[in-house]
Amino acid sequence: MSAVTATRELGGTVARRLPGDRDVWIFIIAELLMFGAFFVAYIVNRAGEVRLFNASQLTLDRTLGVLNALLLISSSWAVVQAVCAARRNERGAVPRYLGLAIALGIAFTIVKFFEYSAKLGAGLTMMTNTFYMFYFCLTMIHLLHVVAGTVILTVLWNNARGGAYNSSNSKGLETGASYWHMVDLLWIFLFSLLYLLK
Amino acid sequence: MLALPKDRRHGTWLLLVLATGITCWVRAGGIVGLAAAAGTLAIAYFKGRLVILDFMELRDAPIIWRAVFEGWLLVVSILIFAAYWLSLAGRVDA
């Protein structure tokens, strides 16, 4: 599978293409299936302890959850722009957009650090109850993905500073971008389940 | 300074931000129950689909890849809603 953009008009027909490395897409599917099972496990457990889950949810800082959602959405957008810049051969813009995406990813991690600190400071741990077990486990597993994604983006940023990505070589960039968008996609559901659904 | 050429995905970003704001506004208003949950999940589905189609660029990927990701999104959303609905129907401690 070659790696440029998704769709190109070719003599009146549309060439459908998968951006990036196909093997990473298979890895992403495995990750989504794992998190999908986590989401269902959460909502099934919630069904057995609705009052406890609702009361515990009220102790979460929804503002920080929203802030993190906006940070990841914006970071994903910046990565999209980096890929587009590479395809337009705007080599100077690629590291700038990736730098913005990395900064937003780091901001997500910092917000999470403050959120965890507040919870632990209030004596709330994953041993407190079932809701907090899910809250800490799911968000920490997701945070590990954010950190891994930030490292990947940093490697891409370093490559981009050397002018590595352009219209004929963007497969590595697209691959890293796909992983980062998965991190964004997962937070959309984690945020809705943990912070909003009651 | 980052250049911002015309790109439909600027609109995608804006829609994602607005959708996030709407769900929070609904919850901040204290609206609860099945309709509110359905709305929250519908918006999560809508946002997820935008990310899959526009950010992950699967809108124009080979059909099988797009179907796998859209299928995952749909199945997970339905399972979550079904479990939530069952929790309302059979709850004993709420």
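A short reminder: the numbers here are calculations on the coordinates, not readings from a lab. Keep in mind that what you see is a predicted model, and the values were worked out from it rather than measured. Don't worry about glycine lacking a Cβ; one is built from the backbone with ideal geometry, like all the others, and counts go over all protein chains shown.
When the Kirkwood hydrodynamic radius is evaluated over all pairs of different C-alpha atoms of the range B:34-87, what value in angstrom, to one decimal, is obtained?
So the Kirkwood estimate lands at 11.7 Å.
Averaged across B:70-78, how many Cβ atoms of other chains sit within 10 Å of each residue's Cβ atom?
Mean number of neighbouring Cβ atoms from other chains: 3.
Simple spin-label model, 7 Å along Cα-to-Cβ: B:LEU74 to A:LYS171 in nm?
Calculated label separation equals 3.2 nm.
What FRET efficiency would be calculated for the residue pair B:ARG59, A:ARG51, taking the C-beta separation as r and a Förster radius of 45 Å, to the nearest 0.05?
Details: r = 42 Å, r/R0 = 0.93.
In this case the efficiency is close to 0.60.
Work out the mean other chain Cβ neighbour count within 10 Å for the residues of A:39-48 and drop it here as an integer.
On the way: counts 5, 6, 1, 2, 9, 7, 2, 4, 10, 5.
The per-residue average across the peptide is 5.
Name the residue, out of A:ARG46, A:ARG17, A:ARG161, whose mean-square fluctuation peaks in a Gaussian network model built on chain A with Cα pairs under 10 Å.
In the Gaussian network model the winner is A:ARG17.
For a footprinting-style exposure proxy, rank A:SER117, B:SER87 by other Cβ within 10 Å, fewest first.
Numbers: A:SER117 10, B:SER87 20.
Ranked by crowding around the Cβ, least crowded first: A:SER117, B:SER87.
Could you give each residue of the range B:33-47 its phi-based ³J(HN,Hα) in whole Hz, using Karplus coefficients 6.51, -1.76, 1.60 with θ = phi - 60°, and x for Gly or Pro?
Each residue of the range B:33-47 in turn: x, 4, 5, 5, 5, 4, x, 4, 6, 5, 5, 4, 4, 4, 5 Hz.
Using Cα-Cα distances under 8 Å and only pairs 6 or more residues apart, what relative contact order does the range B:34-87 have, in percent?
On the way: 24 pairs, mean separation 23.2, N = 54.
RCO, the range B:34-87: 43 percent.
The range A:70-198: D in µm²/s via Stokes-Einstein (Kirkwood Rh, Cα pairs, 37 °C, 0.692 mPa s)? Please report the intermediate quantities before stating the final value.
Working: Rh = 15.5 Å.
Translational diffusion coefficient: 212 µm²/s.
Based on DSSP H runs of at least 4 residues, each adding -39500 (n - 2.57), what is the mean residue ellipticity at 222 nm of chain B after dividing by all its residues, to the nearest 500 deg cm²/dmol?
Details: 3 runs with 66 residues, N = 94.
Rounded to the nearest 500, the figure is -24500 deg cm²/dmol.
Between A:SER117 and B:VAL17, how many nm apart are label points set 7 Å from Cα along the C-beta direction?
Between A:SER117 and B:VAL17, the simple spin-label model gives 2.7 nm.
Treat each spin label as a single point 7 Å out from the Cα along the C-beta direction, and report the B:LEU88 to B:ALA35 distance in nm.
1.0
Treating each Cα of the range A:30-108 as an identical point scatterer and ignoring solvent, apply the Debye formula and state log10 I(q)/I(0) at q = 0.14, 0.18, 0.20 Å⁻¹.
-0.69, -0.87, -0.94
With a 10 Å radius around each residue's Cβ, average the other Cβ atoms per peptide and rank B:61-73, A:95-107, A:141-153, highest first. Show your work: numbers first, answer last.
Details: B:61-73: 16.4, A:95-107: 21.8, A:141-153: 18.5.
In decreasing order of mean packing, B:61-73, A:95-107, A:141-153 become A:95-107, A:141-153, B:61-73.
Per-residue HN-Hα couplings for the range A:87-95, Karplus 6.51 cos²θ - 1.76 cosθ + 1.60 at θ = phi - 60°, whole Hz, x for Gly and Pro?
Along the range A:87-95, the couplings run 5, 8, 6, 8, 4, x, 6, 4, x Hz.
When the Cα centres of the range A:155-191 and the range B:24-46 are compared, how far apart do they sit, in Å?
Cα centroid to Cα centroid, the span is 31 Å.
Could you count how many Lys pairs in the protein assembly as shown have their Cα atoms under 25 Å apart, skipping same-chain pairs fewer than 8 positions apart? Could you put the intermediate results ahead of the total?
Numbers: A:LYS112/A:LYS198; A:LYS112/B:LYS47; A:LYS119/A:LYS198; A:LYS171/B:LYS6; A:LYS198/B:LYS47; B:LYS6/B:LYS47.
Step by step, the pairs that qualify in the protein assembly as shown add up to 6.
With 20 Å as the cut-off, how large is the P(r) tail for chain B, expressed as percent of Cα-Cα pairs?
Details: 2239 of 4371 pairs.
So the pairs more than 20 Å apart make up 51 percent of the total in chain B.
What are the ³J(HN,Hα) couplings of the range B:65-81, residue after residue, when phi is run through the Karplus curve with 6.51, -1.76, 1.60 and θ = phi - 60°? Round to Hz, x for glycine and proline.
Per-residue couplings from phi come out as 5, 4, 5, 4, 6, 5, x, 4, 4, 5, 5, 4, 5, 5, 4, 5, 5 Hz.
Could you give the dipole magnitude of the protein assembly as shown about its Cα centre, charging the beta-carbon of Lys and Arg +1 and that of Asp and Glu -1, in debye to the nearest 20?
Values: 25 positive and 16 negative charges, 85 e Å.
Dipole size: approximately 400 debye.
Of B:SER87, B:TRP72, B:LEU16, whose Cα points farthest to the positive end of the dipole of chain B (charges on the beta-carbon: +1 Lys, Arg; -1 Asp, Glu; origin at the Cα centre)?
B:LEU16
Using every pair of alpha-carbon atoms in the protein assembly as shown, split the distances into 5 Å bins beginning at 0 and state the percent of pairs per bin, rounded to integers.
Cα pair-distance distribution for the protein assembly as shown, in percent: 1, 5, 12, 16, 18, 16, 12, 8, 6, 3, 1, 0, 0.
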